[in-house]
1. Pick from segment 42-76 the residues that are basic (Lys, Arg) and under 15 Å from Leu9 (Cβ atoms): which of them is modelled with the highest pLDDT?
2. Could you list, ordered by first residue, the pairs with Cβ atoms under 6 Å in which the first is in segment 14-41 and at pLDDT below 90 and the second is part of a helix (DSSP H, G or I), at least 6 apart or interchain?
3. What number of residues in segment 14-40 are under 28 Å from the mean Cα position of the chain (by Cα) and over 30 Å from Val57 (Cα atoms)?
4. If I go through segment 3-37 residue by residue, how many of them are surrounded by 10 or more Cβ atoms within 10 Å (Cβ to Cβ) and under 26 Å from Asp53 (Cα atoms)?
5. Show the residue pairs meeting these rules: Cβ distance below 7 Å; 6+ apart or different chains; first residue within segment 43-67 and farther than 28 Å from Phe23 by Cα and touching a residue at least 24 places away in the same chain (Cβ under 8 Å); second residue surrounded by fewer than 13 Cβ atoms within 10 Å (Cβ to Cβ) and not β-branched (Val, Ile, Thr).
Amino acid sequence: MPAAGCSSLIPPKWADPVPSAAFPQDNAEERDWQVFGVEQTGQLAKANGRSTDVIAVVRACEARDAAAVRHIRRPWWRRLPAD
């Protein structure tokens with residue numbers, strides 16, 4: 001089996017939550033709320049992108065591990081290099 005586990009392939013910083021956009025002050029104008037909405041949407045896209053990336057990493061890792069298991073289970077003579 002590979003030495004690195006699947007979770008080690010995910011950046012450690014991704015365990016931290018994606019921060020929210022800065023909430024407008026009490027005396028905020030319409031434009032401030034619009035900027036907040038755009039920034040918050042960007043943060044949501046970042047968080048959702050992490051989920052998609054993590055799923056892809058785990059699937060690739062599982063395929064890597066399955067290939068390693070198949071290779072190990074081959075008869076010993078099939079592991080010899082072909083001339």
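1. Arg59
2. Trp14/Arg50
3. Number of matching residues: 5.
4. Within segment 3-37, residues that are surrounded by 10 or more Cβ atoms within 10 Å (Cβ to Cβ) and under 26 Å from Asp53 (Cα atoms) number 15.
5. Taking only residues 6 or more apart or on different chains, the pairs are Arg64/Pro2; Asp65/Met1; Asp65/Pro2.
The values are calculated or read from the model by the stated rules, or taken from the named source; none is laboratory data. Just so we're clear, the structure is a prediction, and the values are computed from it rather than from any experiment. Positions of Cβ are generated from backbone atoms using ideal geometry, with glycine treated the same way; all protein chains shown enter the neighbour counts.
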